[in-house]
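Asker: So that we are looking at the same thing, I have put the structure below in structure tokens.
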Amino acid sequence: MAFFKKKDESKHSRLFFATDLHGSERTFRKFVNCAKFYKVDHIIMGGDIMGKFLVPIVHEHDSHYRMTLQGTIESIEGADALQAVKDRVETLGFYHITVEEDELHAMQADQHEIDATFHRLARERIERWIALADERLSGTDVKWYVTGGNDDPPDVLTVFDEVRSEHVVNCEGRVVMVDDLYPMANCGYSNPTPWATPREVEEAVLEELLEKAVQGVEDNTSAIFNLHVPPYDCTLDDCPKLDWSTDPPSPIVVGGVAQSAPAGSTAVRKIIEKYKPLLALTGHIHESRGLITIGRTTVINPGSEYGEGIIRGCIITLAPGKLVGYQMTAG
């Protein structure tokens with residue numbers, strides 16, 4: 001019979017939380033290195049793991065290539081320049097594929113092929129991240145707790161269950177115990193957005209998913225709710241107000257001033273007010289970095305600058321039933 005020693009309740013738990021990395025290779029490497037750099041017990045990722053775009057790099061002749069990146073056509077010559085371009089694309093969180101001219105035309109005519117390639121590359125990058133986490137966290141008790149977000153299709157997220165790992169814990173839709181003291185409920189779905197992302201649902205459906213996600217949490221006084229989307233109208237969900245009727249959605253400007261509006265979830269707010277967890281970890285709205293309280297619950301959104309290769313996060317120190325301290329970070 002094996003006996004497992006429960007964590008000493010007098011010892012504080014230090015966690016590092018970040019979210020919305022959107023496929024950025026450089027930002028993820030910084031994220032996994034935060035375990036050692038900040039001397040934390042565990043690292044938590046709050047969703048929107050995969051990138052947003054697939055960038056074809058077209059082979060023209062010999063060592064000449066071209067690509068269109070963020071609306072600009074770029075010429076590439078030589079192996080060093082090609083590698084530099086690939087690194088830049090990966091920092092932005094995008095995926096790249098090198099093709100011949102005829103392959104590009106064939107792919108452009110087949111949306112199914114584009115989608116299949118996009119998802120394959122997303123899964124391959126996550127597999128590499130899992131391997132890197134196991135390498136960097138080897139010899140420690142540090143876990144990487146991870147859940148998806150509204151931008152992460154279910155078929156991509158399955159990689160977390162399919163790849164064996166000593167340090168990576170897939171939390172999607174589950175309650176997991178952090179340091180044997182803190183039950184963490186997880187849900188990566190969102191309320192509707194202008195972008196028609198893979199895992200957004202109406203508020204009533206989201207409330208059902210959230211209720212299911214928190215089932216099994218017996219002690220909310222020490223509970224962590226990792227919910228991806230901030231509660232509605234809490235300042236952590238302020239973002240530019242958009243006209244959803246245009247393609248793409250466009251900012252609403254009145255008198256020369258861009259308007260803002262809350263974009264969080266009423267269902268998330270209802271769940272937090274109902275169950276009163278110790279801590280709610282959110283993201284989703286990249287520009288609304290901060291910390292607020294709703295009743296006894298501390299709600300954190302560390303923000304995101306993934307496209308610049310910057311990891312924004314929060315170091316959180318917990319004791320049972322108590323937030324001991326926090327520190328916002330960027331680097």
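Asker: Only one of (1) over 20 Å from GLY283 (Cα atoms); (2) at pLDDT 95 or above fails for PHE16. Which number is that?
Answerer: (1)
Asker: Right, next: Only residues that are assigned to a strand (DSSP E or B) and either farther than 17 Å from PHE53 by Cα or of a type in the set (Asp, Glu) (or both): list them for segment 64-87, please.
Answerer: Result: HIS64, TYR65, GLU74, SER75, ILE76, GLU77.
Asker: Quick one: how many residues across segment 53-63 are closer than 23 Å to HIS22 by Cα and either assigned to a helix (DSSP H, G or I) or of a type in the set (Val, Ile, Thr) (or both)?
Answerer: Filtering segment 53-63 for residues closer than 23 Å to HIS22 by Cα gives 53-57.
Narrowing the set further to residues that are either assigned to a helix (DSSP H, G or I) or of a type in the set (Val, Ile, Thr) (or both) leaves 55, 57.
Here the count works out to 2.
Asker: Could I ask something else about it? Could you list, in sequence order, the residues of segment 183-207 that are assigned to a strand (DSSP E or B) and surrounded by fewer than 22 Cβ atoms within 10 Å (Cβ to Cβ)?
Answerer: Within segment 183-207, PRO183, GLU200 qualify.
Asker: Mind checking which residues of segment 88-113 are within 29 Å of ARG26 (Cβ to Cβ), touching a residue at least 24 places away in the same chain (Cβ under 8 Å) and either in a helix (DSSP H, G or I) or of a type in the set (S, T, N, Q) (or both)?
Answerer: Residues satisfying the conditions are VAL89, GLU90, THR91, THR98, LEU104, MET107.
Asker: Return a yes/no flag: does segment 122-134 have any residue that is without any contact (Cβ under 8 Å) to a residue 40 or more places away in the chain, in contact with a strand residue (DSSP E or B) (Cβ under 9 Å, 6 or more places away or on another chain) and of a type in the set (Lys, Arg).
Answerer: Among the residues of segment 122-134, not one is without any contact (Cβ under 8 Å) to a residue 40 or more places away in the chain, in contact with a strand residue (DSSP E or B) (Cβ under 9 Å, 6 or more places away or on another chain) and of a type in the set (Lys, Arg), which makes the answer no.
Asker: Turning to a different aspect of this structure: Testing LEU227 on (1) in contact with a strand residue (DSSP E or B) (Cβ under 7 Å, 6 or more places away or on another chain); (2) surrounded by fewer than 18 Cβ atoms within 10 Å (Cβ to Cβ); (3) hydrophobic (A, V, I, L, M, F, W, C), one condition comes back false. Which one is that?
Answerer: Unmet for LEU227, out of (1) in contact with a strand residue (DSSP E or B) (Cβ under 7 Å, 6 or more places away or on another chain); (2) surrounded by fewer than 18 Cβ atoms within 10 Å (Cβ to Cβ); (3) hydrophobic (A, V, I, L, M, F, W, C): (2).
Asker: Right, something else. Being in contact with a helix residue (DSSP H, G or I) (Cβ under 6 Å, 6 or more places away or on another chain), in the same structural domain as TYR189 (by TED's automatic domain parsing) and not small (Gly, Ala, Ser): is that true of ILE43 here?
Answerer: Spelling it out, ILE43 is indeed in contact with a helix residue (DSSP H, G or I) (Cβ under 6 Å, 6 or more places away or on another chain), in the same structural domain as TYR189 (by TED's automatic domain parsing) and not small (Gly, Ala, Ser).
Asker: When TYR306 is evaluated against the numbered criteria (1) within 26 Å of PHE31 (Cβ to Cβ); (2) out of contact with any His (no Cβ under 7 Å at 6 or more places or on another chain), which criterion, by number, is the only one it fails?
Answerer: Single failed check for TYR306: (2).
Asker: Here's a follow-up. In a strand (DSSP E or B) and surrounded by 18 or more Cβ atoms within 10 Å (Cβ to Cβ): is that true of ILE44 in this structure? Break it down into steps so the answer makes sense when it comes.
Answerer: Numbers: in a strand (DSSP E or B): yes; surrounded by 18 or more Cβ atoms within 10 Å (Cβ to Cβ): yes.
Yes.
Asker: Hey, could you check segment 116-146 for residues that are among the β-branched types (Val, Ile, Thr) and farther than 16 Å from CYS171 by Cβ and say which is surrounded by the fewest Cβ atoms within 10 Å (Cβ to Cβ)?
Answerer: THR140
Asker: Another question about this same structure. Just to be sure before I move on: is ILE315 β-branched (Val, Ile, Thr), within 25 Å of TYR38 (Cα to Cα) and either in contact with a Leu (Cβ under 7 Å, 6 or more places away or on another chain) or not assigned by TED's automatic domain parsing to the domain that holds LEU21 (or both) in the structure I sent?
Answerer: no
Asker: Select, from SER304, SER245, SER250, the only residue that is assigned by TED's automatic domain parsing to the domain that holds ALA213, touching a Ser or Thr at 6+ places or on another chain (Cβ under 8 Å) and among the hydroxyl-bearing types (Ser, Thr, Tyr).
Answerer: Testing whether each residue is assigned by TED's automatic domain parsing to the domain that holds ALA213, touching a Ser or Thr at 6+ places or on another chain (Cβ under 8 Å) and among the hydroxyl-bearing types (Ser, Thr, Tyr) leaves just SER304.
Asker: I would also like to ask the following. Of all residues being β-branched (Val, Ile, Thr) and assigned to a helix (DSSP H, G or I) in segment 208-235, which is farthest from GLY290 (Cα to Cα)? Just the residue, please.
Answerer: Within segment 208-235, the match that is farthest from GLY290 (Cα to Cα) is VAL214.
Asker: Within segment 69-86, identify whether any single residue is surrounded by 19 or more Cβ atoms within 10 Å (Cβ to Cβ), closer than 21 Å to SER24 by Cα, touching a Lys or Arg at 6+ places or on another chain (Cβ under 8 Å) and outside the structural domain of ASN191 (by TED's automatic domain parsing), and answer yes or no.
Answerer: Scanning segment 69-86, I find no residue that is surrounded by 19 or more Cβ atoms within 10 Å (Cβ to Cβ), closer than 21 Å to SER24 by Cα, touching a Lys or Arg at 6+ places or on another chain (Cβ under 8 Å) and outside the structural domain of ASN191 (by TED's automatic domain parsing), so the answer is no.
The values are calculated or read from the model by the stated rules, or taken from the named source; none is laboratory data. What you see is a predicted model, and the numbers here were worked out from it, not measured in a lab. Note that we place each Cβ from the backbone using ideal geometry, even for glycine, and neighbour counts take in every protein chain shown.
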